[in-house]
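One structure below.
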Amino acid sequence: MVVTGAASAMAAKQAERLKEDGNSCFKKERFGAAIDAYTEAITLSPKVPVYWTNRALCHMKRKDWTRVEEDCRKAVQLDHNSVKAHYMLGLALLQREDYADGVKALQRALDLGRGANPTGYMVEEIWEELAKAKYMEWELASARRSWELNSLKGTCEAALNQQRALDMSQTEESSEEAYTSHTEQLKALDRVFEKAAEDDKPTEVPDYLCCNITLEIFRDPVISPSGVTYERAAILEHINKVGKFDPITREKLDPSKLVPNLAIKEAVASYLEKHVWAYKVGS
């Protein structure tokens with residue numbers, strides 16, 4: 001048992017050295033050599049998730065998305081809370097146009113990232129990729145819905161016109177009342193289909209859902225003691241670069257006094273669920 005323990009410790013130490021070698025190669029953009037080093041590290045210590053995510057990152061640089069997915073799935077098995085694993089898995093799934101699962105993986109990465117480091121660069125990066133994925137998913141679905149609505153509308157118009165022609169064939173004279181009724185039916189049909197397409201037509205995002213600094217829809221809203229809601233990253237940047245005061249009320253403001261605005265966050269989520277096109281505004 002002692003020998004086994006010592007051997008295991010030596011293997012772990014060697015694996016760490018190989019990881020450092022891989023990191024060095026990665027910085028020099030020698031991705032093939034980095035992959036080899038991480039692979040050796042994985043062989044020695046297969047249960048260390050960072051080895052898998054590091055190798056996945058190399059595969060991503062080479063746009064080998066199949067291997068990115070494989071390594072990230074393994075990393076997620078080892079560490080369910082790995083932000084990088086969920087993030088790269090999401091990107092890999094999007095590459096093969098699996099938008100539903102790709103969005104889920106990116107959303108998981110975003111939730112984990114906000115919990116670990118709300119102001120970290122990865123949170124912003126993940127949000128942007130998630131927004132693009134959501135918008136792309138909506139765009140495809142919107143195009144499909146538009147085609148279906150236009151097809152159905154054409155069928156309904158044809159049916160009304162056919163009925164109009166049949167009525168005229170059974171009557172010697174075309175009455176003005178019948179013509180007016182037919183015209184009104186076509187107008188009503190237009191209104192019905194226009195209403196059905198409303199949710200897919202981009203409009204202005206309500207002001208209360210947008211940050212006063214970025215003028216974009218909230219991603220991670222926080223509220224100041226004075227009651228003003230800001231995008232977390234934007235208000236923290238203001239505090240660090242301009243000064244510790246509320247840009248709207250001019251009152252003193254310490255970063256520790258900022259509190260997540262859960263009501264606005266929920267309102268934004270609800271709005272985006274119904275108006276997915278708004279992701280483009282905030283991306």
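The values are calculated or read from the model by the stated rules, or taken from the named source; none is laboratory data. What you are looking at is a predicted structure, and each value in this text was computed from that prediction instead of being measured. Don't worry about glycine lacking a Cβ; one is built from the backbone with ideal geometry, like all the others, and counts go over all protein chains shown. Accessible surface is based on the protein model in full, side chains and every heavy atom, while ligands, DNA and RNA are left aside. Shrake-Rupley method; radii C 1.70, N 1.55, O 1.52, S 1.80 Å.
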Qualifying residue in region 128-135 (condition: under 28 Å from LYS274 (Cβ atoms), open to solvent by 90 Å² or more (accessible area, probe 1.4 Å) and under 29 Å from the mean Cα position of the chain (by Cα)): yes
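Yes/no per residue for (1) more than 22 Å from GLU204 (Cα to Cα); (2) hydroxyl-bearing (Ser, Thr, Tyr); (3) assigned to a strand (DSSP E or B):
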| residue | (1), (2), (3) |
| --- | --- |
| ALA234 | no, no, no |
| HIS238 | yes, no, no |
| ILE248 | yes, no, no |
| ALA263 | no, no, no |
| ALA267 | no, no, no |
| TYR271 | no, yes, no |
| VAL276 | no, no, no |
In region 77-124, the residues that are among the acidic types (Asp, Glu) and either assigned to a helix (DSSP H, G or I) or surrounded by 15 or more Cβ atoms within 10 Å (Cβ to Cβ) (or both): ASP79, ASP98, ASP101, ASP111, GLU124
Residue check, LYS74 at pLDDT 95 or above, surrounded by fewer than 21 Cβ atoms within 10 Å (Cβ to Cβ) and in contact with an Asp or Glu (Cβ under 9 Å, 6 or more places away or on another chain): no
Whichever residue in region 22-36 is in a helix (DSSP H, G or I) and farther than 12 Å from ARG55 by Cα and, among such residues, is least open to solvent (accessible area, probe 1.4 Å): SER24
Odd one out for VAL103, checked against (1) of a type in the set (A, V, I, L, M, F, W, C); (2) over 30 Å from GLU198 (Cβ atoms); (3) free of Cβ contacts under 8 Å to residues at least 40 places away in the same chain: (2)
Any hit, region 40-47, residues being surrounded by 12 or more Cβ atoms within 10 Å (Cβ to Cβ), within 19 Å of GLU69 (Cβ to Cβ) and of a type in the set (A, V, I, L, M): yes
Scan of region 46-67 for residues that are aliphatic (A, V, I, L, M) and within 20 Å of LYS28 (Cα to Cα), ordered by number: VAL50, ALA56, LEU57, MET60
Leading residue by the ranking (farthest from VAL103 (Cα to Cα)) among those in region 225-283 that are crowded, with 18+ Cβ neighbours inside 10 Å and among the charged types (D, E, K, R): ASP246
Cβ pairs under 6 Å, 6+ apart, first in region 183-194 and within 19 Å of ALA165 (Cα to Cα), second open to solvent by 50 Å² or more (accessible area, probe 1.4 Å) and of a type in the set (Val, Ile, Thr): none
Filter pass, LEU91 being over 32 Å from the mean Cα position of the chain (by Cα) and aliphatic (A, V, I, L, M): no
